[in-house]
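Structure below; questions to follow.
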Amino acid sequence: MDDDRPLFFHVMAYADAADGDVINMVSGDPDWEPPTALREGLREFADAPVDDYQYPPSEGDTALRETIAARHDVPVERVVVTNGAGEANHLAMACGLDAHAGSEVILADPVYPYYANRAEMLDAEVRYVPADDDGRLDPVAVRDAASADTALIVTCSPNNPTGAVYGEEIKRELTAIAEETDALYVSDEVYAAFDYTGRFHTALDFESSNVAVTSSFSKAMATTGLRVGYGILPKHLIDPVRTRHMLTNVAVTAPGQHAVLKALRETPEDYYAETRALLRDRIDAFCAALDAAEAEYTRPEGAFYVLARFDGFPGTLENVKRLIDEAGVAGMPGDAFGSAREDWLRFALVTPRATEAADRLADYFA
Ligand SMILES: Cc1ncc(COP(=O)(O)O)c(C=O)c1O
């Protein structure tokens, strides 16, 4: 990287500047409609009294926190509303590193790059544990890597970029390892609404004081620009997280919180089921085209990313640019996600043109 912007922005800029028509599969920005109630909530807020435009409570709107707490069956004190899952994850990592002995962060490889960037920014050492071929993390390998120096274990399920869903057993084991090494297990559950297997399990179920969960409405409600997320913290991290959040952000935007609360109250389950059905169709079409192109790939069990490898075409930045110029499809180079899949490419299925992109890839590699 030439500067400190993630590689992702460089690829987006290259795709935007390309001459031909490019199907953008770089970013994880949903392309479907947010819930109707969310749009209504924003309109409603526009006419709110002037008092509602002032600072909301720093830890989040009380009714929103109560709703989140009820959904996760946790005491409301544990919920802090943040600027997306990103902020919640950063705060959990920063405060976890402060509160727990050791300076090592265990991450899966392939990794969601922001975890690694955050660890680096927080002066922590990263210890990577390679994921299985199916993209899941083996707790036995995590146990081997863990030591008294482990301060954090950070995972994401459903996973970006592998699409793997970690089931109950894996999360139970990761929680146990965090307890044994007095580390904090930060479980990023931002893609919980996109589980196609029924295997998703929240790390909150183990009622451990070594677990923090971070999540948001960015993906579930197709609203990454609204920046409403939350952390569910163990008792010892509530005050440190609240303080850092307050000193950095003061609070999360009031219209966003208002709209999300309305959407949580009024959105039927069908909304999420329809989104999953839409994505399942895209996954099927995309994977069928990858079969036609004789690519190796991981079929996602959750989230909306596909990792693929094409024979003789390693997923380098140079090849990503070639694919943009010559096939009109923009993905991400595998080495953006660690070293385990550096030969692969990641495609985000968040475009209505996913099937067309798949056909372009099949033609290109035919
Ligand atoms: C694994 C993971 N965690 C967190 C985020 C950030 O979510 P938010 O928009 O809620 O900050 C993303 C966004 O792509 C993600 O992929």
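Please work out which residue is modelled with the lowest pLDDT, limiting yourself to region 1-27 and to residues that are farther than 20 Å from residue 357 by Cβ and of a type in the set (D, E, K, R).
So, considering only residues that are farther than 20 Å from residue 357 by Cβ and of a type in the set (D, E, K, R), the one modelled with the lowest pLDDT is 2.
Follow-up question, since we're still on this one. Take the residues of region 95-110 that are within 23 Å of residue 182 (Cα to Cα) and within 18 Å of the chain's Cα centre (by Cα): which is surrounded by the most Cβ atoms within 10 Å (Cβ to Cβ)?
By that ranking, first place goes to 108.
How about region 181-194: which of its residues are farther than 18 Å from residue 260 by Cβ and within 14 Å of the ligand (Cβ to nearest atom)?
Listed by number, the residues that qualify are 186, 187, 188.
Oh, and also: Could you check, for region 135-142, whether at least one of its residues is in contact (Cβ under 8 Å) with a residue 60 or more places away in the chain and farther than 15 Å from residue 186 by Cα?
There is at least one residue in region 135-142 that is in contact (Cβ under 8 Å) with a residue 60 or more places away in the chain and farther than 15 Å from residue 186 by Cα.
If we keep just the residues of region 143-160 that are surrounded by fewer than 24 Cβ atoms within 10 Å (Cβ to Cβ) and not small (Gly, Ala, Ser), which is farthest from residue 93 (Cα to Cα)?
The qualifying residue farthest from residue 93 (Cα to Cα) is 144.
Filter region 196-220 down to residues that are within 16 Å of the ligand (Cβ to nearest atom) and of a type outside the set (S, T, N, Q) and give me whichever is nearest to residue 299 (Cα to Cα).
The extreme case among them is 200.
Under 18 Å from residue 227 (Cα atoms) and either in contact (Cβ under 8 Å) with a residue 60 or more places away in the chain or of a type in the set (Gly, Ala, Ser) (or both): does that describe residue 74?
Against the criterion (under 18 Å from residue 227 (Cα atoms) and either in contact (Cβ under 8 Å) with a residue 60 or more places away in the chain or of a type in the set (Gly, Ala, Ser) (or both)), residue 74 does not qualify.
Identify all residues within region 290-342 that are of a type in the set (Ser, Thr, Tyr) and either more than 20 Å from residue 111 (Cα to Cα) or in contact (Cβ under 8 Å) with a residue 40 or more places away in the chain (or both); write none if there are none.
298, 305, 339, listed by residue number.
The values are calculated or read from the model by the stated rules, or taken from the named source; none is laboratory data. Please read all numbers here as calculations on a predicted model, not as lab measurements. Cβ: placed from backbone, ideal geometry, glycine included. Neighbour counts: every protein chain shown.
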